[in-house]
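Here, each number is a calculation from the coordinates, and none is a lab measurement. These numbers come from a predicted model, not from an experiment. Positions of Cβ are generated from backbone atoms using ideal geometry, with glycine treated the same way; all protein chains shown enter the neighbour counts.
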Amino acid sequence: MEAIHYDVSGGVATLTLNRPAQRNAIDMRMRDEIAQCIEQLKRDREVRALVLTGAGGAFCAGGDLRSIQSAQLDGAGWRQRMKDAHAWLGTLIALDRPVIAAVDGPAFGAGFSLALAADFVVASPRARFCMSFMKLGLVPDFGAFYTLPRIVGVQRAKELMLSAREVAADEAQRLGIVGEIVAAEQVLPRAQVIATSFTGASPLAVSLVKRALSAAPAASLDTMLDFEADAQSLCFGSADHREAVARFLDKQPGGFRWPTGEDR
């Protein structure tokens, strides 16, 4: 692969966007290679968490405008191009394992959308986020209409999408987009520490939590209570639960522990 690097180590997959000269802008080659990696990840049950990052001090500057300009597609062609991307994007957003984005530098346009597809975002102080589509006469894509309102609310999503303004890391943290801000050289290590912590978590519990929270905004109380009962019955019958209880009763360290700041 040329436009990305994909590495698996210790149960953690790291997908690095690797076009630093173009600030990791997404062209068709990169999209195809990401799609291949997501499909590989979906099948590889040894991978317990995914880290998304970018090379060379940028996360992703969005779509490659030269690639877009040269496409020469009609309306049906553009629609199919988006649908092709949605195939792997839907898999990524609904992935049954944690996704952590390590964001240093710009995350603009589709790059911002890609960061929003993650469950956790670790950013450097120089990270910048921008729904830049309006500047190009476009609407947000790469799942942003689904992800951004769920994180910041509809009114704030309107403001970020229609203004196309840049959001600094500290504001992004206040809005709930960014979970942690660490020094630039610690962004990827911190994301990987978080990812590694999930190798000790119950895959079943992680999967069910993600599925429930995805459904919750549009679901009724009764629906979510039924889901809770069904999900908890599955977890109570799992080997991971029995092992965790045994460790607790024996006063042994648990298999899962969220990494504190001291673990950076």
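Here are a few things to note about the model shown:
- Alpha-carbon Rg/Rh ratio, for region 201-263, with Rh computed the Kirkwood way: 1.07
- Within straight-line cross-link reach of K251, aspartates and glutamates at Cα separation under 18 Å, skipping those fewer than 8 residues along the same chain: D240, E243
- Under 5 Å from the amide H of A49 lie the amide H atoms of A13, each residue being 5 or more positions distant or on a separate chain, with H modelled from the backbone and absent for Pro and chain starts.
- In units of the compact-protein estimate 2.2 N^0.38 Å, the chain shows a Cα radius of gyration of 1.04.
- Our helix-only sum for the chain, with -39,500 (n - 2.57) per DSSP H run of n ≥ 4 divided by its residues, gives a mean residue ellipticity at 222 nm of -14000 deg cm²/dmol.
- Region 1-64-region 136-155 distance, computed between alpha-carbon centres (Å): 22 Å
- Net length available on complete extension from M82 to F256 is 58.8 nm, with 0.36 nm assigned per residue and the Cα-Cα distance removed.
- In this Cβ point-charge picture (+1 for Lys and Arg, -1 for Asp and Glu), the chain has a dipole of about 400 debye about its Cα centre.
- Amide H contacts of G63 (H built 1.01 Å from N, under 5 Å, at least 5 apart or other chain): I26, A110, G111
- Potential lengthening of the chain between L138 and A183 amounts to 12.9 nm, from the contour at 0.36 nm per residue minus the alpha-carbon distance.
- Contact order normalised by residue count of the chain, Cα under 8 Å, 6+ apart, percent: 17 percent
- Where labels lie 7 Å past Cα in the beta-carbon direction, separation of D32 and F236 in nm: 5.2 nm
- Kirkwood Rh and Cα Rg combined as Rg over Rh, evaluated for region 133-264: 1.06
- Longest site-free stretch - the chain; sites: GluC sites (Glu not before Pro), DSSP loop, at most 13 other Cβ within 10 Å: 47-264
- Calculated FRET value between F227 and S67, using beta carbons and R₀ = 35 Å, to 0.05: 0.25
- This ranking places C130, C235 by how few other beta-carbon atoms lie within 10 Å of each, fewest first, which gives C235, C130.
- Values of log10 I(q)/I(0), in the order q = 0.12 Å⁻¹, for region 19-91 under a Debye, Cα-only, solvent-free model: -0.40
- By the beta-carbon count within 10 Å of each Cβ, the least crowded to most crowded order of L41, L136, fewest first, is L136, L41.
- Inverse mean reciprocal Cα-Cα distance (Kirkwood Rh) of region 53-146, Å: 14.0 Å
- Computed over the Cα atoms of region 120-199, pair by distinct pair, the Kirkwood hydrodynamic radius stands at 13.6 angstrom.
- Percent of beta bridges antiparallel (DSSP, region 106-264, rounded to nearest 5): 40 percent
- By the count of neighbouring beta-carbon atoms within 10 Å, fewest first, S214, S124 end up ordered S214, S124.
- With a Förster radius of 25 Å applied to the C-beta separation of H5 and K42, the computed FRET efficiency comes to 0.85.
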